[in-house]
1. Taking segment 189-224 as the search range and keeping residues that are in a loop (DSSP other than H, G, I, E, B) and within 22 Å of GLU91 (Cα to Cα), which one is farthest from the ligand (Cβ to nearest atom)?
2. If you go through segment 236-247 one residue at a time, do you hit one that is closer than 21 Å to ILE32 by Cβ, in a helix (DSSP H, G or I), polar (S, T, N, Q) and away from the ligand (no atom under 11 Å from the Cβ)?
3. I'd like to know if segment 121-144 contains one or more residues that are of a type outside the set (Gly, Ala, Ser), more than 15 Å from the ligand (Cβ to nearest atom), within 19 Å of ASP76 (Cα to Cα) and within 15 Å of the chain's Cα centre (by Cα).
4. When the residues of segment 121-137 are filtered to those that are of a type in the set (Lys, Arg) and part of a strand (DSSP E or B), which remaining residue is farthest from GLY153 (Cα to Cα)?
5. Under 6 Å by Cβ, and 6 or more places apart or on different chains, what pairs join a residue from segment 166-178 that is assigned by TED's automatic domain parsing to the domain that holds LEU198 with one that is of a type in the set (Ser, Thr, Tyr)?
6. Within segment 20-78, count every residue that is modelled with pLDDT under 95, more than 11 Å from the ligand (Cβ to nearest atom) and closer than 17 Å to ALA196 by Cβ.
7. May I ask you to list the residues in segment 75-112 that are in a strand (DSSP E or B), aliphatic (A, V, I, L, M) and touching a Ser or Thr at 6+ places or on another chain (Cβ under 8 Å)?
8. Out of the helices (runs of 4 or more DSSP H) lying entirely within segment 3-74, which hold 1 or more residues that are basic (Lys, Arg) and open to solvent by 30 Å² or more (accessible area, probe 1.4 Å)?
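The values are calculated or read from the model by the stated rules, or taken from the named source; none is laboratory data. Worth saying up front: this structure is predicted, and the values here are computed from it rather than measured. Note that each Cβ is placed from the backbone with ideal geometry, even for glycine, and that neighbours are counted across all protein chains shown. Accessible surface areas use protein heavy atoms only, side chains included; no ligands, DNA or RNA. Shrake-Rupley method; radii C 1.70, N 1.55, O 1.52, S 1.80 Å.
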Amino acid sequence: MEDLIQQAAKDLASCKEAAALTGAGISVESNIPPFRGKGGIWEKFDPMEYAHIDAFMNDPAKVWNALLKDMKAIIDQAKPNAGHLGLARLETLGKLKTVITQNVDGLHQLAGNTDVIEFHGNFAWHFCIACKGRIRTEEMTLSEIPPRCACGGIYRPDCVFFGEMIPAQALWRSRQAAAACDLMLVIGTSAVVQPAALMPVIAKEAGAKVIEINPEPTPLTGEISDYLIQGKAGKTLSAILAELERLLQRP
Ligand code: APR
C-alpha cells in the first residue's frame, strides 16, 4: 500500500484541480455508522420502510422514533476526523476545489472545506411539511415525537429521502465539478447509489485520474478507478498528505 500512497501523493502534486466524492465511510471514524457493510444502518432497518419519503409521510412518528432521533443524537456529537481534515488541507494547498458529498453530517464544512456540494442535503436543518418553516436541528428539543412546528405541522430533515429528486443545483454543479477536475478522490462510498456513483464515471470520461480510498473494493474498482488504496480514510489521507507536503517542499 505504501507505493500507492506515494503514487497518490505524486498524482496530487501534479494535478491542477482535484475533486472528491465522499460517502458515509469517511465519517465512520467520527462515530457515524455507514449504511451498508459491517455495522451498516441498513443491516438493521429496511431503507424502503424507514428512509423512503412515502414511509415518512405515512408514519412520521415511526421514522422519527426508529431512525431520525438516533441520527440527531449521533450527528450532534460528531466531529471531523483526519479524513475530513485531510481534504480541508488539500483545499488549503490549492489542490482540491470541490467536495461532492453524499453525507448529511456537515463535517466537511466543519473541517474547513469551502466548496461542498451536498448531494443528499444536510441534517443540520429541518423544515415543516405544512408551512415550510425552517429550524436548525441543534435547536430542536424532541420533547414530542414527531417534532412539530408552531403551526402544528411536522418537521422533517432537509435531506433527500429515497423516492425524492436530488436537488437540481447539487446535481448540475456536481456534474460540472466532475467534468472539470483532472483528478477525483472517491472516498468511503460503496458506489451503489445513483446518480452520485455516476460522478467518477463523468470524471473518467473527461480524462481525470480516479483514485479510490476504501477498505473494500466497489463496482468502480478495476472499471473506473485507476487504483484503490485499501484502507481507512483517516489514516490513508494523513499518509498521502504527509508525502504530498514533502513533495511540495522539494525545491
Ligand atoms: N474509511 C473509508 N471507507 C470506509 C470506512 C473508513 N473508515 N469504513 C467503511 N468504509 C466504506 C465501506 O467499505 C463502504 O464501501 O465506506 C462505504 C460506505 O458505504 P455506504 O454505507 O453504502 O455509504 P454511501 O456509499 O455513502 O451510501 C450512499 O446510500 O443509503 C443511501 O443516502 C444514503 O448517502 C447514502 C447513499
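1. GLY207
2. There is at least one residue in segment 236-247 that is closer than 21 Å to ILE32 by Cβ, in a helix (DSSP H, G or I), polar (S, T, N, Q) and away from the ligand (no atom under 11 Å from the Cβ).
3. no
4. Restricting to residues being of a type in the set (Lys, Arg) and part of a strand (DSSP E or B), the top hit is ARG136.
5. Qualifying pairs under 6 Å: ALA177/THR98.
6. The number of residues fulfilling the criteria is 0.
7. So in segment 75-112, the residues in a strand (DSSP E or B) come out as 96-101.
Subsequent filtering for residues that are aliphatic (A, V, I, L, M) retains 96, 99-100.
Within segment 75-112, VAL99, ILE100 meet the criteria.
8. Ranges flagged: 60-63.
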